[in-house]
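Take a look at the structure set out below.
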Amino acid sequence: MNKLLMILPIFGVLFLGIFWVINPLIGPSLLVITFPFMVLTLAAISERKQAKKKLGEVFILFQAEKDEIKKEVQRKEKLHEEQNQLLQNFSRDLSTALNKDQLLRVIVTAFSKVTGSIAGDSQCFLLSHDAAVREFKYEVGDNFDSNTLKSTSFSAEDDLIKTITKTKKIQTFVSDIFGGDSNIRYFLKEERITYLSQLGSLALVPLILENEVWGIVVIFCQEGAAAKIKSEESFYLLLVAQASIALGSAIHRGLASVDRLTQLYNRTFLQKRMNEEIEFCSRQLLPMSIIMIDIDNFKEVNDSYGHSEGDMVLKKIAQLISNCVRLTDLCARYGGEEFVVVLPGIAENPDDKFSIAERLRASVENADFVILGEKHLKVTISVGVTVRKYPEDKESDIEKLIIRADKLMYKAKNEGRNCVRYDA
């Protein structure tokens, strides 16, 4: 078409020239008549060229935009694939955690990994809420020195933490967090945490259970990582949802093993754990002591002051028991006002001045129990202690050991209460 438009004016000029030679009278008139049409044809050719040029430029821009959109779609598809894989791995790791402590470790490690970057790893730790004292306390951390942080608590009334507990939303601070006027310096006191100097941003991620903030994941990271959390918040909310569901499940499983009133293990869990401890002590050729505790005259407390005050006595005695034993010992509420303590590797005897059973008895006797908010009450316990020795008692099962300790406890009651009776 372009060639035809170019040829027509040329042929037109040649035709007029030949016609002028043949007929000099009519040739000029015909030239005057046809000249405007030739000019218009040349103008149309020029405009067509310009339009084609512009169309070509538009096509190039369109193609470039198309390529950019394609790259962006591919980038998002790749990102979604990576995020889906991270979610699957996170879900798998959560499901393999055997207890709450392992679960918290999985959660912290996961957030530490997804917020790390080529420029530097992030530092991450988890705080859990102690509703009784309204404080957030250290649970577990990743990639930093936690020695001092373990003994530190953060008040739930501090502005930064209160913002998290009220909004229940992820908070990101993409800036220089080391500025003197930054409220984020709250986490950066040297006695609380040793941090990498190149980390300049912070993210605070709430873990929510039953519409309350159970814990906060504190993440120190590069500016790019914090910006990513902000721009991809929906993905991080999925991580939070998975972590919260798994955590709630773990806590409720734990509650199934714990007496709700005293927060000690219950009788069912005691029996399971005692079997495990017996097997362990047998393999290691170790003794194991079983302590049976009963509160003296507890029925009189309930009858005189009511069951709510009796519950207070039970809770306080449970706390005293926990304070007197090792972390490796097993404490349980056996039923009513009876408690059982299992001491793996220890052979309690009346001649031992460090006897744990005697320490338990004395701690209860010396404790001050405040009844009805003003009345001070003295409470005592009767204690029976039996020792599973190896190999003499290798055939003794849980039931036999509990019966032996129970008989010794009743012997203490019959002989005046507020005393400890051991195996003969």
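Yes/no per residue for (1) over 13 Å from the mean Cα position of the chain (by Cα); (2) at pLDDT below 80:
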{"residue": "ILE60", "(1), (2)": "yes, no"}
{"residue": "LYS66", "(1), (2)": "yes, no"}
{"residue": "LYS78", "(1), (2)": "yes, no"}
{"residue": "ARG92", "(1), (2)": "yes, yes"}
{"residue": "ILE107", "(1), (2)": "no, no"}
{"residue": "ALA110", "(1), (2)": "no, no"}
* Using the structure shown, decide if ARG359 is of a type in the set (D, E, K, R) and either surrounded by 14 or more Cβ atoms within 10 Å (Cβ to Cβ) or in a strand (DSSP E or B) (or both). => yes
* To do: Output the qualifying pairs, or none if there are none: Cβ atoms under 7 angstrom, residues six or more apart or on different chains, first residue in region 153-166 and outside the structural domain of TYR138 (by TED's automatic domain parsing), second residue surrounded by fewer than 17 Cβ atoms within 10 Å (Cβ to Cβ) and aliphatic (A, V, I, L, M).
  => none
* Quick one: which of LEU104, LEU61 is assigned by TED's automatic domain parsing to the domain that holds ALA250 and more than 21 Å from LYS228 (Cβ to Cβ)? -> LEU104
* Asked: For VAL385, are the conditions met, namely being closer than 20 Å to ILE278 by Cα and at pLDDT 90 or above?
  -> yes
* To do: Go through the residues of region 376-395 one by one and say whether even a single one is closer than 19 Å to ASP311 by Cα, surrounded by fewer than 17 Cβ atoms within 10 Å (Cβ to Cβ) and either aliphatic (A, V, I, L, M) or not assigned by TED's automatic domain parsing to the domain that holds ILE295 (or both).
  => yes
* Could we say that VAL364 is part of a strand (DSSP E or B) and at pLDDT 90 or above here? -> no
* Asked: Out of LEU199, LEU261, LEU247, which single residue is among the aliphatic types (A, V, I, L, M) and within 16 Å of the chain's Cα centre (by Cα)?
  -> LEU247
* Asked: Which one of these is more than 18 Å from LYS100 (Cα to Cα), of a type in the set (Gly, Ala, Ser) and not assigned by TED's automatic domain parsing to the domain that holds MET409: SER282, SER244, SER234, SER289?
  -> SER234
* Is there a residue in region 351-362 that is among the aromatic types (Phe, Trp, Tyr), free of Cβ contacts under 8 Å to residues at least 24 places away in the same chain and over 16 Å from CYS419 (Cβ atoms)? -> yes
* Asked: Do the conditions hold for VAL213, that is, is it in contact with a Pro (Cβ under 9 Å, 6 or more places away or on another chain), farther than 16 Å from GLY116 by Cα and either free of Cβ contacts under 8 Å to residues at least 12 places away in the same chain or in the same structural domain as GLU139 (by TED's automatic domain parsing) (or both)?
  -> yes
* Given (1) in a helix (DSSP H, G or I); (2) touching a Lys or Arg at 6+ places or on another chain (Cβ under 9 Å); (3) without any contact (Cβ under 8 Å) to a residue 60 or more places away in the chain, index of the condition CYS281 fails -> (3)
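The values are calculated or read from the model by the stated rules, or taken from the named source; none is laboratory data. Keep in mind that this is a model prediction, so the values were computed, not measured. Cβ atoms come from the backbone with ideal geometry, glycine included; neighbour counts cover every protein chain shown.
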